[in-house]
Amino acid sequence: MHNPMHNIDRRSAIATMTALAGAAALAPGLLAQTAPAAAPASAPFTVPPLPYAYDALEPYIDAQTMQIHHDKHHQTYVNNLNAAVAGHPELAGKSVNDLVANLAALPDSIRTAIQNNGGGHANHSLFWLTLGKGTTAPSGELAKAIDGKFSGLSGFQEKLTAAALSVFGSGWAWLVKLPDGSLNIETTHNQDSPLTQGHTPILALDVWEHAYYLKYQNVRASYVKAYFSVINWDFASSQFAKKA
Ligand code: MN3
């Protein structure tokens with residue numbers, strides 16, 4: 001079921017962001033005078049709207065999990081990230097991916113906060129995009145690369161599953177593109193991002209318990225199995241095709 005309220009909220013949120021972005025580009029001083037509550041300089045980061053309804057991934061990922069995960073967990077990372085960069089005008093204008101890719105360049109006092117909360121924002125923003133229903137297989141260069149590296153989709157599934165189940169505690173399993181253009185499967189702990197290692201995420205699999213506990217409880221393996229039914233291969237294929 002499509003929730004019309006959700007769409008209206010999303011449209012108006014997009015319209016507001018677009019208007020603010022346009023106003024900021026044209027007259028940043030004016031924006032600060034006229035719309036301080038909507039876009040305070042101290043809160044540059046926002047949670048991107050889900051590109052589908054909360055229940056779009058049912059029955060594999062349930063609507064309640066999606067709603068709490070997106071609206072509460074992701075929002076908390078964004079709030080904490082905004083708090084971390086407040087008072088650091090030298091970081092203004094940097095994207096979250098920039099921040100996470102260059103942790104070593106950050107002030108000591110906020111590096112860990114950016115690692116955890118910038119990572120949380122970057123990782124979840126990508127996670128939502130890598131999910132979807134309707135595309136069943138990788139295409140183009142990604143399809144060839146998966147065949148070459150993993151001897152096909154089932155080999156890939158086996159390897160990503162093993163990686164996801166190997167994460168002790170909270171973390172992520174990833175399909176990434178390495179700087180030499182090849183594919184790799186890796187894991188990160190907590191909210192660490194492959195971007196910090198210079199790797200480009202192609203697929204993101206959140207294995208924190210908050211990603212699956214309501215529906216799957218302690219059985220991470222069932223959630224990981226279900227994940228393979230809701231991979232947005234169109235997105236993954238386009239992500240792989242992007243220049244590093
Ligand atoms: Mn999560």
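Quick note: the coordinates plus some simple rules give every number you see, no bench work behind them. Only a predicted model underlies this, so the values are computations on that prediction, with no experimental measurement involved. Every residue, glycine among them, receives a Cβ derived from its backbone with ideal geometry; neighbour counts consider all protein chains shown.
Report the local net charge at G152: Lys and Arg +1, Asp and Glu -1, summed over other residues whose C-beta lies under 14 Å from its C-beta.
Working: positive: K144, K149, K159; negative: D147, E158.
Net charge in that neighbourhood comes out at +1.
Using only alpha-carbon positions, what ratio does the radius of gyration of the stretch 140-241 give when scaled by 2.2 N^0.38 Å? Write out the running numbers ahead of the final one.
On the way: Rg = 13.3 Å, N = 102, 2.2 N^0.38 = 12.8 Å.
That works out to 1.04 for the stretch 140-241.
Find the relative contact order for the stretch 41-95 and round it to a whole percent, using C-alpha pairs within less than 8 Å whose residues are 6+ positions apart.
Working: 33 pairs, mean separation 25.1, N = 55.
Once normalised by length, the contact order is 46 percent.
Run through the stretch 104-149 and list the trypsin sites (Lys or Arg not before Pro) located in a DSSP loop whose Cβ has at most 15 other Cβ atoms within 10 Å. It would help to have the intermediate numbers written out before the result.
Values: sites: R111, K133, K144, K149; in loops: K133.
Those satisfying the criteria are K133.
For the stretch 58-124 and the stretch 145-217, compute the distance between their C-alpha centroids and round to whole Å.
Cα centroid of the stretch 58-124 versus Cα centroid of the stretch 145-217: 19 Å apart.
Mind checking the stretch 183-244 for trypsin sites (Lys or Arg not before Pro) that DSSP puts in a loop (not H, G, I, E or B) and that have at most 12 other Cβ atoms within 10 Å? Intermediate values should be presented prior to the final figure.
On the way: sites: K215, R220, K225, K242, K243; in loops: K242, K243.
Passing both the DSSP loop test and the Cβ count: K242, K243.
Step through the table entries K72/K177; K149/K215; K149/K225, compare each Cα-Cα distance with 25 Å, and write down the pairs that go over it. Provide the component values of the computation, followed by the final result.
Details: K72/K177 30 Å; K149/K215 33 Å; K149/K225 21 Å.
With Cα atoms farther than 25 Å apart: K72/K177; K149/K215.
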